[in-house]
Amino acid sequence: MAWAQSDFFAGADLALGRQLMSEHKCEACHARHVGGDGTDVYNPAGRLKTPGLLRGMVEACNTQLNLGLFPAEVNAVAAVLNHDHYRFK
């Protein structure tokens, strides 16, 4: 059976999420905070164990950095992270 995106992120716009991540330079910020290329922040064995917690972390970045993302945009970014790294079902 092929892997499927979590129902939590059903309908999320992955292209928009990737665009927003690029525009807001998420990887560069994460690299400054965790070192290397920044991808260590996406540790599936870490503290994020549910789609809701993942979305909450994206919202925390949105709030702390005053990015001004709308809820659908936060969901799009979280959906990309889920698709590429976490794979919550």
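At a glance:
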| quantity | calculated |
| --- | --- |
| All positions within the range 60-72 that are over 18 Å from H83 (Cβ atoms), in contact (Cβ under 8 Å) with a residue 12 or more places away in the chain and not in a loop (DSSP other than H, G, I, E, B) | N62 |
| Scope the range 29-51; condition surrounded by 13 or more Cβ atoms within 10 Å (Cβ to Cβ) and not in a loop (DSSP other than H, G, I, E, B); matching residues | C29, H30, A31, V34, T39, D40, V41, P51 |
| Scan of the range 66-89 for residues that are surrounded by fewer than 17 Cβ atoms within 10 Å (Cβ to Cβ) and either touching a Leu at 6+ places or on another chain (Cβ under 7 Å) or closer than 14 Å to V41 by Cβ (or both), ordered by number | D84, H85 |
| Selection within the range 13-28 - more than 18 Å from Y86 (Cβ to Cβ) and in a helix (DSSP H, G or I) | A15, L16, Q19, S22, E23, A28 |
| Close pairs (7 angstrom Cβ cut-off, 6 or more residues apart or separate chains): farther than 15 Å from N82 by Cβ and at pLDDT below 80 in the range 29-54, β-branched (V, I, T) and outside any loop (DSSP other than H, G, I, E, B) anywhere | D40/V34 |
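The values are calculated or read from the model by the stated rules, or taken from the named source; none is laboratory data. None of the values given here were measured: they were computed from a predicted structure. A quick note on method: Cβ atoms are made from the backbone with ideal geometry, for glycine too, and the neighbour counts reach across all protein chains shown.
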